[in-house]
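Undergrad: Submitted below is the structure of interest, expressed as C-alpha cells.
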Amino acid sequence: MNKRWTIGKIKEFVENNSESKLLTTEYQGFSQKLLFKCGCGNNFEKTFKKFKDNHQRKCEVCQPPKASR
Ligand SMILES: [Zn+2]
C-alpha cells in the first residue's frame, strides 16, 4: 500500500496522466510542492498528492480552483 514514489516515477505519472510536465528534479515527500509546467505554458506549484488524488493536473488558469462543496 505504501507505494514509494521517486522523481522518475512521478515524472512518468505526470506525463502519462496529464498534459503537464514536471519541472522539479528532486522529490522529498508528499508535502513538498512540485513545480509543473501546464500544457498552456504556465508554470504552477502543487503537491503531488493534490495533483494525483485531487486531479489538480493543470494550472489555475486552465483549471480554476473550485469552491469547496
Ligand atoms: Zn494552463
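Undergrad: When you scan segment 23-37, how many residues do you find that are within 14 Å of residue 50 (Cβ to Cβ) and either within 9 Å of the chain's Cα centre (by Cα) or at pLDDT below 95 (or both)?
TA: Count: 7.
Undergrad: Tell me whether segment 46-54 contains one or more residues that are in a loop (DSSP other than H, G, I, E, B), out of contact with any Lys or Arg (no Cβ under 7 Å at 6 or more places or on another chain) and surrounded by 10 or more Cβ atoms within 10 Å (Cβ to Cβ).
TA: The answer is yes, given that some residue of segment 46-54 is in a loop (DSSP other than H, G, I, E, B), out of contact with any Lys or Arg (no Cβ under 7 Å at 6 or more places or on another chain) and surrounded by 10 or more Cβ atoms within 10 Å (Cβ to Cβ).
Undergrad: Looking only at segment 15-69, which residues are within 16 Å of the ligand (Cβ to nearest atom) and touching a residue at least 40 places away in the same chain (Cβ under 8 Å)?
TA: 17, 18, 57, 58
The values are calculated or read from the model by the stated rules, or taken from the named source; none is laboratory data. Here the structure is a predicted model, which is why all the values come from computation and not from measurement. Cβ atoms come from the backbone with ideal geometry, glycine included; neighbour counts cover every protein chain shown.
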